[in-house]
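**Q** Dropping the structure in here first, questions after.
The values are calculated or read from the model by the stated rules, or taken from the named source; none is laboratory data. Bear in mind the structure is a predicted one, so any value in this text is a computation, not a measurement. Don't worry about glycine lacking a Cβ; one is built from the backbone with ideal geometry, like all the others, and counts go over all protein chains shown.
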Amino acid sequence: MSLLSLSDVNVFYGKSQALFGVDLDLGQGEVLALMGRNGMGKTTTIRAICGMMPVQSGEIRFDGFSLAGKASHEIARLGCGLVPEGRRCFASLTVEENLIAAARKGEWDLNTVGELFPILAERRTQRAATLSGGEQQMLAIGRALMTNPKLLLLDEATEGLAPLVREVIWTAIAGLKNKTDLAILVVDKSLKEIRSIADRAVILERGRSAWVGKMPELDQDVAMRYLGV
Ligand code: ATP
């Protein structure tokens with residue numbers, strides 16, 4: 001059974017339709033890449049899953065529940081851990097306070113997050129505002145993990161970061177895949193890194209699921225046609 005499934009999901013911004021019958025599904029322990037050029041609907045899909053955008057029609061189910069009408073905090077409590085685009089930590093709180101504010105019981109706690117990102121343990125008494133962009137991104141991932149989610153949603157987790165920092169983050173995500181049975185939905189434009197971590201991909205084109213397949217099937221022709229790379 002799928003942990004997450006979207007069936008024929010339609011979403012509008014006012015009168016303007018952004019998602020046109022999006023379908024996708026994701027099983028426990030699976031890593032699914034949600035890809036597509038700019039403006040194709042990736043962030044809108046993530047927002048719809050997390051209850052931040054109303055779904056006009058269609059259904060989103062998570063862990064056996066329909067998410068229809070559920071508020072973001074209820075969806076988070078069911079086990080959706082979002083790492084939003086643009087990080088968004090509490091700037092005036094310390095690293096530790098940011099992490100504790102998100103905490104729910106489970107294997108992820110201050111120690112295990114500190115093992116995943118040792119720099120966060122080192123900087124635990126520092127205010128989030130004083131962290132580098134990469135450290136803030138690690139904190140955003142740490143915060144989502146502290147909720148002990150069943151599904152981690154990563155929206156452009158490495159965008160705008162230096163190559164070395166990107167590598168640290170991708171290595172951590174690969175580690176999550178190998179060591180836990182967390183499901184991961186990852187939005188990213190970097191095909192190279194996505195290839196090394198995702199099991200399957202869904203490519204959106206103008207708000208529609210235009211291509212669905214296993215990662216090895218995403219060949220040069222598909223990449224050129226839908227991603228322009
Ligand atoms: P990017 O890679 O640039 O982040 P994306 O694939 O995540 O793009 P979305 O941000 O989901 O795409 O945008 C999908 C469509 O919805 C686009 O046509 C965009 O212009 C539109 N859109 C996004 N946010 C809003 C908004 N707040 N109000 C109106 N239209 C929006």
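**Q** Which condition number in (1) basic (Lys, Arg); (2) buried (at least 17 other Cβ atoms within 10 Å of the Cβ); (3) part of a loop (DSSP other than H, G, I, E, B); (4) within 16 Å of the ligand (Cβ to nearest atom) is the one that Arg47 fails?
**A** Only one criterion in (1) basic (Lys, Arg); (2) buried (at least 17 other Cβ atoms within 10 Å of the Cβ); (3) part of a loop (DSSP other than H, G, I, E, B); (4) within 16 Å of the ligand (Cβ to nearest atom) is unmet by Arg47, namely (3).
**Q** Return yes or no: is Val11 assigned to a strand (DSSP E or B), more than 14 Å from the chain's Cα centre (by Cα) and over 20 Å from Gly213 (Cα atoms)?
**A** Taking the combined requirement at face value, the residue satisfies it.
**Q** Of everything in region 50-70, what is at positive phi and surrounded by fewer than 17 Cβ atoms within 10 Å (Cβ to Cβ)? Give them in sequence order.
**A** Asp63, Gly64, Gly69
**Q** Going by the conditions given, is Arg166 charged (D, E, K, R) and away from the ligand (no atom under 16 Å from the Cβ)?
**A** yes
**Q** Considering region 199-221 alone, what residues qualify as being in a strand (DSSP E or B) and not polar (S, T, N, Q)?
**A** Arg200, Ala201, Val202, Ile203, Leu204, Glu205, Arg208, Ala210, Trp211, Val212, Gly213, Lys214
**Q** Taking the residues in region 28-44 that are near the ligand (Cβ under 9 Å from one of its atoms) and of a type in the set (Val, Ile, Thr) as candidates, determine which candidate is nearest to Leu176 (Cα to Cα).
**A** Thr43
**Q** If Ile203 meets every condition in (1) modelled with pLDDT of 90 or more; (2) surrounded by fewer than 21 Cβ atoms within 10 Å (Cβ to Cβ) apart from one, which number is that one?
**A** Result: Ile203 passes all but (2).
**Q** Give region 6-25 a look and list any residue that's surrounded by fewer than 24 Cβ atoms within 10 Å (Cβ to Cβ) and under 23 Å from Ala76 (Cβ atoms), or say none.
**A** The answer is Ser7, Val11, Tyr13, Ala18, Leu24, Asp25.
**Q** Same structure again: Identify the residue in region 206-220 that is surrounded by 13 or more Cβ atoms within 10 Å (Cβ to Cβ) and of a type in the set (D, E, K, R) and, among all such residues, is farthest from the ligand (Cβ to nearest atom).
**A** Checked region 206-220; the qualifying residue farthest from the ligand (Cβ to nearest atom) is Arg208.
**Q** Continuing with the same structure: Search region 50-91 for residues being assigned to a loop (DSSP other than H, G, I, E, B) and among the aliphatic types (A, V, I, L, M), and hand back the single one that is nearest to the ligand (Cβ to nearest atom).
**A** Met53
**Q** Please find, among Gly58, Gly142, the residue that is touching a Ser or Thr at 6+ places or on another chain (Cβ under 7 Å) and modelled with pLDDT of 95 or more.
**A** Gly58
**Q** Taking only pairs six or more apart or across chains, which ones have beta-carbon atoms under 7 Å, a first residue in region 66-90 that is of a type in the set (Ser, Thr, Tyr), and a second residue that is not in a strand (DSSP E or B)?
**A** Close Cβ pairs (under 7 Å, with a partner that is not in a strand (DSSP E or B)) amount to Ser72/Cys50; Ser72/Gly51; Ser72/Met52.
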